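The next block holds one structure in the form of structure tokens; read it before the comments.
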Amino acid sequence: MPLPRDIKRVAPAVWELSQDHSPGMNVPARIYATEALLRNMEAVVFDQVANVAKLPGIQKYAFCMPDGHWGYGFPIGGVAAMRPDDGVISPGGIGFDINCGMRLVKTNLTYEDVQPRLKALVDRLFQRVPSGVGGASDLDVSKKEFRRLVEQGASWCVARGWGWPDDLDKTEESGCLRGADSGDVSDKAVSRGYQQVGTLGSGNHYLEIQVLKPENIFCKEYADALGLNIPHQVVVMFHCGSRGFGHQVATDYLQIFLKVMKSKYGLDVIDRELSCAPFRSQEGQAYFSAMKCAVNMAFANRQVILHRIREVFSEVFQKKAEDLGMQQIYDVAHNIAKLETHPVDGRDQELLVHRKGSTRAFGPGRAGLPDVYRKIGQPVIIGGSMETGSYLLTGVEGSAETFCSTAHGSGRTMSRHKARGLFQGRALLEQMRVKGIYVNTSSLQGLAEEAGAAYKNIDDVTDATEMAGISKRVARFIPVGNIKG
Amino acid sequence: MSFRYLDDIATADIAFLAQGPSLETLFQSAAEATVLVMVDNLKSIQPRCQRTVGFQADDVESLLFNFLQEIIYYKDAEQLLLVPDAIMIQTCPGGYDLKSVLRGEGIEPRRHHLIVDIKAVTMHLFRVTPNAQGWEALVVLDI
């Protein structure tokens with residue numbers, strides 16, 4: 001694709017569009033990518049990141065990560081930090097699937113242990129973790145109780161025995177954003193979500209059994225510190241978010257912001273998906289609170305799924321999950337906005353950091369990291385396509401320049417409709433079986449849309465984050481079992 | 001039904017262009033395009049239950065946006081696949097008034113060939129505009 005004529009390379013994997021690129025930009029835009037990845041980005045990505053740079057209160061740069069692609073308002077892979085006092089909050093900077101994120105759990109099993117029971121494991125996981133269109137949970141949660149759940153997050157689950165206290169320590173924000181008031185969410189949002197706790201969803205959401213081959217360890221010291229120390233060790237990774245609840249919260253507030261943005265606050269944006277409100281306004285604060293509820297729902301959702309995974313492994317291997325070494329490595333969001341402290345021009349400032357398709361990547365020593373990871377930095381889980389593989393990275397000091405943000409996945413390069421025309425679900429299933437990946441899916445057509453060729457190369461994306469100095473590669477996992485919603 | 005899916009818009013999601021000689025037929029086409037993102041054959045959805053929806057909106061865009069959101073809402077809240085059986089749109093003092101009967105049934109993965117879940121109707125490039133043949137709508141659905 002042709003690049004904007006005025007884009008400048010400022011470091012081997014960092015590109016800049018100055019404020020002169022487009023009228024109204026408050027800050028320059030920076031895109032983190034190798035030249036090959038940059039050239040593969042749709043032209044609209046450059047327009048979108050420039051539009052983000054026009055939002056009030058934005059600090060330093062509007063960023064786009066190496067897996068950036070066409071989003072709404074913000075590009076996917078977009079990061080923007082706003083001053084809370086005169087900046088805005090924008091649902092478009094977070095996405096409809098609030099706290100869509102990744103969770104990774106290890107086992108003490110090897111591929112040799114798992115291979116003979118792989119089909120049984122995948123099929124049982126497919127039964128216990130509902131997925132697909134409208135997939136509902138077998139958990140009986142009343143609407144009233146659900147309102148408590150969205151205020152308490154993953155701790156609501158652990159208090160009921162669906163998880164271990166250590167899981168909370170190894171979850172971003174300990175699995176609960178404080179200040180979530182369910183009074184700020186609509187009954188409609190609750191109705192869409194209360195039956196979906198512990199469900200995967202569909203699209204690019206998945207649950208995978210993966211293997212870590214010794215040759216795929218990039219840093220042995222860090223892998224050891226993360227509990228990855230057995231040759232051909234098996235791990236489980238999954239990707240999902242706040243389900244219908246979060247989608248409705250985003251939809252509700254997008255509509256509210258569109259009504260008041262110009263008439264009440266005099267804000268004008270170029271794309272309705274960039275609708276926003278001053279962070280300190282009544283509407284801004286109500287959305288922030290409702291968004292936190294959705295963040296907490298997603299943490300609880302992934303907590304229940306983790307519990308189901310432990311139950312299934314325990315059932316199939318006839319051992320307790322504790323004896324199977326099924327500790328959570330980490331859980332991290334990639335669609336979120338949070339108040340965080342970052343240095344700006346040498347002074348620490350509290351900023352509202354929007355990450356849409358971008359993962360927080362705290363470097364070593366940062367407050368907010370569990371003690372076990374204080375020395376190595378925050379684990380960053382990067383999900384690849386179902387055919388290729390996924391990565392575990394850690395945050396590094398250099399990520400301070402992106403407000404501690406990095407990539408989140410491989411990023412699509414082909415539309416779903418086109419992928420459905422090019423790939424056949426059943427053939428793909430067979431191809432993956434030949435490669436040693438056993439898949440159970442609720443939809444063959446949905447599977448075709450997720451073919452590996454529809455995505456960027458995950459190796460290129462993680463390579464770019466390392467080249468740009470915003471994260472460090474630790475390990476690459478290859479899939480052997482996959483549940484696709 | 002009159003719609004086509006668009007390949008070159010919103011890589012990670014699904015976009016469609018729907019048309020109709022009247023607002024009612026446009027809304028019918030847009031609703032069918034939306035449901036066909038989730039299930040591959042409308043004929044597989046039996047009219048076993050119905051839900052009535054009715055609301056007003058300032059303009060035709062908000063009217064279509066809210067209408068499609070209702071279909072997505074019932075898919076999550078009641079696990080129902082619904083398609084409009086009747087749509088009535090009238091102008092009213094505040095803008096437009098819509099009443100519709102949606103018919104369908106509970107999701108049955110073994111009988112309905114399900115494809116992919118829709119998270120939301122987005123405002124990205126969203127438009128409802130009159131054209132020489134009647135009306136046209138561009139819709140991008142978040143997947």
Practice problem: Would you list the strands (runs of 3 or more DSSP E) that sit entirely within segment B:1-114 and hold 3 or more residues that are within 14 Å of chain A (Cβ to nearest Cβ) and open to solvent by less than 10 Å² (accessible area, probe 1.4 Å)? | Solution: B:14-20
Quiz item: Of the residues A:PHE257, A:PHE218, A:PHE279, A:PHE238, which single one is modelled with pLDDT of 95 or more, closer than 30 Å to A:PHE477 by Cα and open to solvent by less than 10 Å² (accessible area, probe 1.4 Å)?
Solution: A:PHE238
Quiz item: Can you tell me which residue in segment A:318-339 is nearest to A:PHE96 (Cα to Cα), limited to those that are assigned to a strand (DSSP E or B) and open to solvent by 10 Å² or more (accessible area, probe 1.4 Å)?
Solution: A:ASN335
Self-check item: Residue, farthest from A:TRP70 (Cα to Cα), within segment A:255-287, restricted to residues that are part of a helix (DSSP H, G or I), within 25 Å of the chain's Cα centre (by Cα) and of a type in the set (A, V, I, L, M)
Solution: A:ALA286
Exercise. May I ask you to list the residues in segment A:454-470 that are touching a helix residue (DSSP H, G or I) at 6+ places or on another chain (Cβ under 8 Å) and under 22 Å from B:ALA12 (Cα atoms)?
Key: A:ALA454, A:LYS456, A:ASP460, A:VAL461, A:ALA464
Quiz item: Considering A:PHE238, A:PHE146, which residue is within 14 Å of chain B (Cβ to nearest Cβ), aromatic (Phe, Trp, Tyr) and within 30 Å of A:GLY132 (Cα to Cα)?
Solution: A:PHE146
Quiz prompt | Yes/no for A:ARG302 being touching a Lys or Arg at 6+ places or on another chain (Cβ under 8 Å) and in a helix (DSSP H, G or I) | solution = yes
Quiz item: Can you name the residue in segment A:50-75 that is within 14 Å of chain B (Cβ to nearest Cβ) and in a loop (DSSP other than H, G, I, E, B) and is also surrounded by the fewest Cβ atoms within 10 Å (Cβ to Cβ) among such residues?
Solution: A:TRP70
Practice problem: Give just the number: which of (1) open to solvent by less than 50 Å² (accessible area, probe 1.4 Å); (2) outside any helix (DSSP H, G or I); (3) more than 14 Å from chain B (Cβ to nearest Cβ) does A:GLY179 not satisfy? | Solution: (1)
Quiz prompt | Sole residue being farther than 18 Å from A:ASP460 by Cβ, free of Cβ contacts under 8 Å to residues at least 24 places away in the same chain and either within 14 Å of another protein chain (Cβ to nearest Cβ) or surrounded by fewer than 24 Cβ atoms within 10 Å (Cβ to Cβ) (or both), chosen from A:ASP97, A:ASP86, A:ASP47, A:ASP20 | solution = A:ASP20
Quiz prompt | Pick from segment A:382-398, criterion part of a strand (DSSP E or B) and among the small types (Gly, Ala, Ser), ranking: nearest to A:MET414 (Cα to Cα) | solution = A:GLY383
Exercise. Test each condition in (1) within 14 Å of another protein chain (Cβ to nearest Cβ); (2) of a type in the set (Asp, Glu); (3) surrounded by 16 or more Cβ atoms within 10 Å (Cβ to Cβ) for A:GLU151 and report the one that comes out false.
Key: (1)
Quiz item: Can A:PHE423 be described as aromatic (Phe, Trp, Tyr) and within 26 Å of A:LEU351 (Cα to Cα)?
Solution: no
Exercise. Check off (1) modelled with pLDDT of 95 or more; (2) in a loop (DSSP other than H, G, I, E, B); (3) over 28 Å from A:ARG308 (Cβ atoms) for A:LEU369 and give me the number that stays unchecked.
Key: (3)
Quiz item: Counting residues that are surrounded by 21 or more Cβ atoms within 10 Å (Cβ to Cβ) and more than 14 Å from chain B (Cβ to nearest Cβ), which helices (runs of 4 or more DSSP H) fully inside segment A:409-485 reach at least 3?
Solution: A:458-467
Quiz prompt | The lone exception for B:PHE126 - which of (1) farther than 16 Å from A:GLN255 by Cβ; (2) within 11 Å of chain A (Cβ to nearest Cβ) it fails | solution = (1)
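The values are calculated or read from the model by the stated rules, or taken from the named source; none is laboratory data. Here the structure is a predicted model, which is why all the values come from computation and not from measurement. Cβ atoms come from the backbone with ideal geometry, glycine included; neighbour counts cover every protein chain shown. Note: accessible area is taken over every heavy atom of the protein model, side chains too, but ligands, DNA and RNA are not part of it. Shrake-Rupley method; radii C 1.70, N 1.55, O 1.52, S 1.80 Å.
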